[in-house]
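The numbers here are math on the coordinates, done by the rules we state, and not lab data. None of these values were measured; they are calculated from a predicted model. For neighbour counting, all protein chains shown are included, and Cβ atoms are generated from backbone atoms with ideal geometry for every residue, glycine included.
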Amino acid sequence: MKLKALLMGAVAAMAIAPVAHAERGSDGEVKIIYWQAPSIMNPYLSGGTKDIEAASLVVEPLARFNEKGALVPYLVDEIPTVENGGVAADLTSITWKLKEGLKWSDGTPVTSADAKFTAEYCMAPDGGCAQSAKFDGVESVETPDERTIVVNFTGPKPVPYAAFVGAQSPLIQAAQFKDCLGAKAQECTDANFGPIGTGPFVVTDFKPNDVITMKANDNYRDPAKPAFATLTFKGGGDAASAGRAVLETGEYDYAWNLQLAPDVIAKMAEGGKGTPISGFGTLVERIEMNMTDPSPDLPEGERATAKHPHPILSDERVRRALSMAIDRTLLVEIGYGQAGRPTCNLVPAPELFASDNTDCIAQDVEGAKALLDEAGWTVGADGIREKDGKKFKLLYQTSTNAVRQDFQALIKQWWADIGVETELKNIDGSVFFGGDPASPDTFQKFYADVEMYANNFDGTDPEQYLGQYTCEKAPKPSSQWQGENINRFCDPAYDELVAELGKTGEISKRAEIAKKLNDMLTKDSMTIVPLVDRGRVSAHSNSLGGVVLNTWDSEIWNAADWYRIK
Amino acid sequence: MTDTPLEPVAKDTSARSQWWDVWDQFKTHKGALFGAAVFLFIVLAVTLGPLVWTIEPTFIDIRARNSGPSLAHPFGTDQLGRDIMARMMAGGQVSIAVGLTAMAISVLLGTLIGVVSGFFRRLDGVLMGLTDLFLALPLLPLLLVMVMLFRETLSRSFGPEMGTFILIVSAIGITSWMQTARIVRGEVLALKEREFVLAARSIGTPSRRMILRHILPNVLSPIMVSATLGIATAIITESALSFLGLGFPPDFPTWGRLLFDAIDYLQQYPERVFWPGLAISLTVLSVNYIGDGLRDALDPRIRGR
Amino acid sequence: MLTFTFRRLLLAIPTLVLISLIIFLLLDLAPGDPLANQPLSIPPEVRQKMRDALGLDAPAYIRYLLWAKQFFWVEPLVFVDWVIGTNFSEGMQRIVSWQFRSPVFDIIIQRIPQTLWVVGLAYLVGVLIALPIGIISAYKQYSWFDQIGTFVSMIGFSVPPFFSGVLMIVFFAIMLPWFPSIYDTTLVVNDFESFGQQIRQMTLPVMVLALQTTAQLSRFMRASMLDNLNHDYVRTARAKGMTEKVVLLVHVLRNSMIPVVTVIALGVPSIFGGAIITEQIFKVNGLGQLLITAIYANDLPMVQTLAFIFAVLIVLCNLIADVLYGLLDPRIRYD
């Protein structure tokens, strides 16, 4: 409650504060702290949030998503659409028109050749570009004149806003990166640490995994911005100490992603030096049900593959009962507070794509018990259900994280109430989310019955995200355990619908299909049991004005508009 | 060894063994007695306590979460409403067992390697090379590999809990013996050239006897110090392992884990850090005093006085 | 002694090569993926391409030989170039970190100042405090000083830095805003004021680290002194009429130093290994933080290089300890 009050206060303060835009560099220094330290300033070589967001202060895309998830033009004057003729009627090309007089921070003009080069850079075969998915289906980039960029696609592209859109896919300067194509990309240390950009700041010193110092870009397109002359971007430590530095000691102005229990944040906010802020995106904490048998008795190579369906969880009623036993509202209250909402959807946002599925929110222990009885699982002598001599016992794994371990403990107890015994396991994130095929503990290998983690999608269109659950994307030994269909969910009807989504252009039809796909995974089959729609909590000092938390793009997307409240 | 006073032997008959002397001396050491009493109290509290205080340490009473000390929960409850006293007891069993066993493994291994390396010159190079190697290996990847290779095998042969226990104590033991080995070796190198050892060697005492009777008793005090410090390290290391997912399941309380989990709540609920912190410190302190007493009691030069 | 030192140095070379190989094999075997910290929204095909670009698909022995060549040949050449301004190393591939795509040695050098300032100084302070405490505690065994010393050092040792560090911040940065909670690695010390700032930002981490060193070392010092205080030679020295000061600080201390020297020598390499937890809490971002983030990110070239430098220091320091044994007790012979 306290947190809520504070948040309201912050909104009010922001509305009242005078928007006193003086001149560039008049407000001195701003200090940002990220508890994960940026290791590189080139988003094409690292997709880590910390790296992308640090780079977003320097390099910019043609268009960004704003805090509501809508596209806003940045280096262009307007967003191309079919209506204004920017997108070809057959959806096979998109034409962007650069703003007039744009300059790189070194004073040279930004031209369409830079965009063409950026695409070449990311699409070079040996470059190991982290964002090459953004350039999927791009056939060529043409430059009819200095300011016009035409992106041609290999086929109709219903959503053409991937390349050059969002913090993941900014424009880089051709002159600076010209010798860094392909395998050479790894060797251009100076360019990777200090890219020349169009953003409000330029790098003066980059200490990887430690601290970045920046100063205002003299050639920034708005002569009055940024208000700050210098910027310090410190990395490292943990969420708690970052929170303390902004909320309690006031040493820093902005702290990123405070993944802390709500009452801990509320207590810190009592320090009075800063304000926590939150926003929601598409990140959903969920339990994934393993549709295959992870038993260690199976030979290696058959374990957790489609060859052996899961002995317990293959029954849809069982999965549903497990979901019904969970009180999502309580989970949110304990783990996330204002930064979480109970959800039953895999795609919780944008509104257009979110299914109106709320059945799972109310906990129903009796219903769950009845469902398990119906499925033939009867309560045994020790209070644990059994069927045909087999005990209802699950292994529940997740990555190491204080909130996740609390969730595990709570859910274990709820499942115990319906007669299910749960063994808990936590694995360090660097192993769990690593794709090492030799490790038994990766989330792809899924050598457990259920597992919990969070995932989201870039931008606002869930096509690729929902496309992860087709049959052939299941991780298996022959694919070196790579694949995104973690549950090994396989339904031909689903695959067909995904293919249809890829061909549909009309936005309302797309939304309809996406909702249907979402429901097939969640409320119809209970393969994925969403728990919490997780927001982002960050904090800014009370003297820092102009902060608008954005979960659809870089969180510090509008640093150019920040100013010091005097 | 050479200057053991003769009077006690004259007074007592052979029925009185050396260990009685040790005990007599130990009894006169107030700190040691006090330490032993505290240690015994802690061990009894964590082993017999759960018989009296029957709340399950993993039971979640969500309505009672974050409550302060009360009759129902003398130490209060944590963020999920689990009883901290029950968790302290359950955690103590594990932490003390892990601390003592891992320390024993590490000290035994360290002493063995140190004595052998210092005493037999031919083995010195190889064994100290091995020590350098273990000191140099990055700990975390080493543990990850050990867990990856042995977890399934161990939990299959000893059951999941015992398997994890064996894995953790051997992981801690195997990665922490090097300091003891180096210290013991340094002492042995010096002792080896002392007159009484040379004398013993000149009358043809076999190596085994030399080590057990002449060398070991004289390197006892650094070993004792290593052992006391080792317990503290083992208890803390265990929590780090579990935190990384290399140890016990996440809902399994141990003192190290309770302390770690309470840090975030340091400002709101300082008592939550207090209990595990106190328990670890008291255990280490009491073992330290017991060690002090034992060392004095085992030293014939002091015992005689 | 000189021939011994020389022989041991020669012997150290094959040992170190073997150690580097074992470290490499261990890292190769350890589960993990350099792309673990990349978001899940990056599809598997792209991940595979990124892995290929890092050279992960080459067989293990080739990657080891490449690293060995870079470490023992290219990097020394780069150093030579830097010192005398030649360009022998031009066009040669240096050891490049997977996280930063930058030569690992550049980053290691960047990290050394703050590590030495904080961890090195803390070690020095710890040793300087521990020795007198240990000596006095032993000389006045069971006195008040000894009891308090024991109590404080045991508490100090059983309280892990992840707790004592946060406690310090809460007391001395939040409740009493005397010291900063975040270490500023960009601070340039060039006048009196910035020097004061440097002292202030070092105080808390140095305190936390020195507590650990002091606790451990004073225990060893005390135990070793106690062992020696009862020896015949002490009685003899006293009987000869030497002052207590001479007896204690010349005769007993010298003979008690062997275990203490061992412990001190073991601790010196760990200065360069950094203090992982304390560095994280105060965001000192020294070598310890570099190592731990590299391990989490599975940045194998970085971990391998750091671990190997660490190994060299360990072998050297232990060798120094062995030489010191001989100086402290001339009876010790190695040949």
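Here are some notes:
- The B:GLN93 and C:ASN230 beta-carbon pair, evaluated with R₀ = 41 Å, returns a calculated FRET efficiency of approximately 0.55.
- Peptide-level mean, for B:54-62, of C-beta atoms on other protein chains within 10 Å: 2
- Helical mean residue ellipticity (222 nm; -39500 (n - 2.57) per DSSP H run of 4+; nearest 500) of chain A: -6500 deg cm²/dmol
- A Förster radius of 35 Å combined with the Cβ-Cβ distance from A:ASP491 to A:ASP136 puts the calculated FRET efficiency at roughly 0.90.
- For chain A, relative contact order (Cα pairs under 8 Å, six or more residues apart, normalised by length) works out to 19 percent.
- Bridge type composition, the stretch A:326-458 - antiparallel percent by DSSP, nearest 5: 30
- In terms of other Cβ atoms within 10 Å, A:ASP114, B:ASP296, A:ASP263, C:ASP28 run from fewest to most in the order C:ASP28, A:ASP263, B:ASP296, A:ASP114.
- Listed residues C:LEU35, C:LEU176, C:LEU128, most fluctuating in chain C (Gaussian network, C-alpha, under 10 Å): C:LEU176
- Helix A:402-417 and the longest principal axis of the Cα set of chain A meet at an angle near 20°.
- For chain A, share of DSSP beta bridges that run antiparallel, in % to the nearest 5: 75
- In order along the stretch C:70-76, the Karplus-derived 3J(HN,Hα) couplings, from 6.51 cos²θ - 1.76 cosθ + 1.60 at θ = phi - 60°, round to 5, 6, 8, 10, 5, 4, x Hz, and Gly and Pro are given as x.
- Under 19 Å from the C:GLN141 label point (7 Å along Cα→beta-carbon), backbone N, the stretch C:248-286: C:248-260
- Loop GluC sites (Glu not before Pro), the stretch A:223-293 (other Cβ atoms within 10 Å of the site Cβ: 16 or fewer; DSSP): A:GLU270
- Between the listed residues C:VAL247, B:ILE290, B:ALA234, the Cα displaced farthest toward the positive end of the dipole of the protein assembly as shown, a dipole computed from Cβ unit charges relative to the Cα centre, is found at C:VAL247.
- Crossing angle, helix C:192-229 versus chain C [Cα axis fit, 0-90 degrees, rounded to tens]: 50
- Gaussian network model of chain C, Cα within-10 Å springs - most flexible of C:GLY267, C:GLY85, C:GLY120: C:GLY85
- Spin-label pair A:GLU100/C:VAL323, simplified geometry with 7 Å Cα→Cβ offset, distance in nm: 7.5
- Projecting label points 7 angstrom from Cα along Cα→Cβ for A:GLU23 and B:VAL43 puts them 7.8 nm apart.
- The calculated FRET efficiency for A:GLU506 paired with A:LYS68, based on their beta-carbon distance and R0 = 25 Å, is about 0.70.
- 3J(HN,Hα) couplings calculated from phi for the stretch A:515-527 with the Karplus curve 6.51 cos²θ - 1.76 cosθ + 1.60 (θ = phi - 60°) are, in sequence order, 5, 5, 4, 4, 5, 4, 7, 9, 6, 7, 10, 6, 6 Hz; Gly and Pro show x.
- Peptide A:186-196 shows a mean partner chain C-beta count of 3 within 10 Å per residue C-beta.
- For the residue pairs A:LYS425/A:LYS445; A:LYS307/A:LYS390; A:LYS476/A:LYS523; A:LYS369/A:LYS523; A:LYS445/A:LYS523, alpha carbon separations beyond 22 Å are given by A:LYS476/A:LYS523; A:LYS445/A:LYS523.
- Highest-MSF residue in chain C out of C:GLN114, C:GLN38, C:GLN216 [GNM, Cα springs under 10 Å]: C:GLN38
- Packing-based ranking of B:113-120, A:79-86 yields B:113-120, A:79-86, ordered from highest to lowest mean Cβ neighbour count within 10 Å.
- Of all complete DSSP H helices in chain B, those with a Cα span along the helix axis of 18 Å or greater and a mean Kyte-Doolittle hydropathy of 0.0 or more are B:30-52, B:84-119, B:121-136, B:139-158, B:160-174, B:178-191, B:220-243, B:271-298.
- Model label sites at A:SER295 and C:ARG7, defined 7 Å from Cα along the beta-carbon direction, differ in position by 6.3 nm.
- Sequence-separation-based contact order of the stretch A:322-376, relative, with Cα cut under 8 Å and 6+ spacing, percent: 44
- Anchor C:LYS283: aspartates and glutamates whose Cα lies under 15 Å away (excluding residues fewer than 8 positions away in-chain): A:ASP210, A:ASP238, A:GLU251, C:ASP184
- Other protein chain Cβ atoms within 10 Å, averaged over every residue that makes up C:179-185: 6
- Helix A:112-123 vs. chain A, principal-axis angle (Cα, 0 to 90°, nearest 10): 30
- Sorted ascending by nearby beta carbons within 10 Å, beginning with the fewest, A:MET123, C:MET302 become A:MET123, C:MET302.
- Antiparallel DSSP beta bridges within the protein assembly as shown, percent to nearest 5: 75
- Per-residue 3J(HN,Hα) values for the stretch A:375-390, derived from phi via the Karplus relation 6.51 cos²θ - 1.76 cosθ + 1.60 with θ = phi - 60°, read 6, x, 8, 9, 6, x, 5, 8, x, 9, 6, 8, 8, 6, x, 9 Hz in sequence order (x marks Gly and Pro).
- Three-way shape call for the stretch A:345-462 based on the alpha-carbon gyration tensor, with the a/c threshold at 1.5: oblate
- By the count of other C-beta atoms within 10 Å, a proxy for reagent exposure, C:ILE174, A:ILE277 are ordered fewest to most as C:ILE174, A:ILE277.
- Per-peptide packing, taken as the mean over residues of other Cβ atoms within 10 Å, places A:138-149, B:59-70 in the sequence A:138-149, B:59-70 from highest down.
- When only Cα pairs below 8 angstrom with a gap of at least 6 residues are kept, the stretch A:468-519 shows a relative contact order of 29 percent.
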